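Take a look at the structure below.
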Amino acid sequence: MYARMCRLYGFRSQILSGVHQSLVAAENALEQQSLEHPDGWGVSYYHGRFPHVIRSDKQALDDHLFRNISAVVSTRTLLAHIRQATVGGVGVLNCHPFQHGPWTFVHNGEVAGHVRSEIAVAIRDAVDPRFRAFVLGETDSESIFYLFLSRLSR
C-alpha cells in the first residue's frame, strides 16, 4: 500500500544560501514533486531569529510566487513543504509551515488515529488553552505543533 505523504525540504547553514536550486532547478526539486503533491505549498525562511512564512493552496508548479520566492530568498535556515492533503481540506490555512513566534513546523505523514474524532479531540484538548485560539486549520499537523508548543512552554 502506498502511503500518501507530503514532501518537505529544510536546511540550516552557517552561511547565507540561496534556495532556487533545491526548490526549482534540481532534478528532484519540490516544484517538480508538486505534480504528485498538488494541494499547496509553504516556505519559511529566517532573518535573525524570526521567520517569514509564505503559503499558498495552489500547486507549486503552477504558482509563479513559488518560483519567484525561490529566486530571491537567501537565508541560513529554511523549511519548505508541498502538500498532499490527507487530513483537512485543500486551503491556505491547512498549508505548512505553521508558525508561532520564532517557531515554525512542517510535518510529513499522518498522526495515527487522528481521523477518529476522539483522537483529534484528545489532541486539541491537550493543547494549552492559551494556544488553542491559534489553531486555525483542520490538520493533524497544526494540532500537533501546538501540542508541542504547549509541552515546551511547561
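The values are calculated or read from the model by the stated rules, or taken from the named source; none is laboratory data. Remember, it's a predicted structure, so these values are computed and weren't measured experimentally. Methodologically, a virtual Cβ is constructed for each residue, glycine included, from the backbone with ideal geometry; neighbour enumeration extends over all protein chains shown. Ligands, DNA and RNA are excluded from the accessible area calculation, which covers all protein heavy atoms including side chains. Shrake-Rupley method; radii C 1.70, N 1.55, O 1.52, S 1.80 Å.
Observations
- Exclusive hit being farther than 19 Å from Thr139 by Cα, touching a strand residue (DSSP E or B) at 6+ places or on another chain (Cβ under 6 Å) and not hydroxyl-bearing (Ser, Thr, Tyr), set Phe105, Phe66, Phe50, Phe98: Phe66
- All positions within region 28-53 that are open to solvent by 20 Å² or more (accessible area, probe 1.4 Å) and of a type in the set (S, T, N, Q): Asn28, Gln32, Gln33
- Qualifying residue in region 77-98 (condition: charged (D, E, K, R) and touching a residue at least 60 places away in the same chain (Cβ under 8 Å)): yes
- Filter result for Arg67 (open to solvent by less than 60 Å² (accessible area, probe 1.4 Å), over 21 Å from Leu149 (Cα atoms) and basic (Lys, Arg)): no
- Matching residues, region 77-92, being assigned to a strand (DSSP E or B) and buried (at least 19 other Cβ atoms within 10 Å of the Cβ): Leu78, Leu79, Ala80, His81, Ile82
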